[in-house]
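What follows is a short report on a single structure.
Any read-out appearing in this document is the output of simple, stated calculations on the displayed coordinates, not a laboratory observation. From a predicted model like this one, the values you see are computed outputs, not experimental measurements. Cβ: placed from backbone, ideal geometry, glycine included. Neighbour counts: every protein chain shown.
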Amino acid sequence: VIAFIVGIAIVLTFFLMDKLLIFVPSGLAGIVQYMSTEFHLSNISRGVIDTRNLIYFGSIIGFFLFMTTRILESRKWS
């Protein structure tokens, strides 16, 4: 149950980054917009398969899989 709630919070955070751009300084707006999932999904929903979108989703998947293995390894040895 806790993992589900944390997972929903992470997904919601990445999804709402695009909506909160008005509160971000203009220098960081490009970075926050690139981290937003909706920015990348809008291109894919139009039928445009761009390598930037594939790299974004692949790196997010890779990062969370890496963190999962690290957490499981730390629990194994402690």
Filter the trypsin sites (Lys or Arg not before Pro) in the chain down to the DSSP loop ones having no more than 10 other Cβ atoms within 10 Å, then list what survives.
-> K19, R46
Of F66, F39, F57, the most mobile residue in a GNM of the chain (C-alpha springs, cutoff 10 Å) is F66
Quick one: Karplus J couplings for the stretch 2-19, per residue in order, coefficients 6.51, -1.76, 1.60, θ = phi - 60°, nearest Hz, x for Gly and Pro?
-> 5, 4, 5, 5, 5, x, 5, 5, 5, 5, 5, 4, 5, 6, 8, 4, 5, 6
Under the Kirkwood approximation applied to all pairs of distinct alpha-carbon atoms, what is the hydrodynamic radius of the chain in Å?
-> 14.4 Å
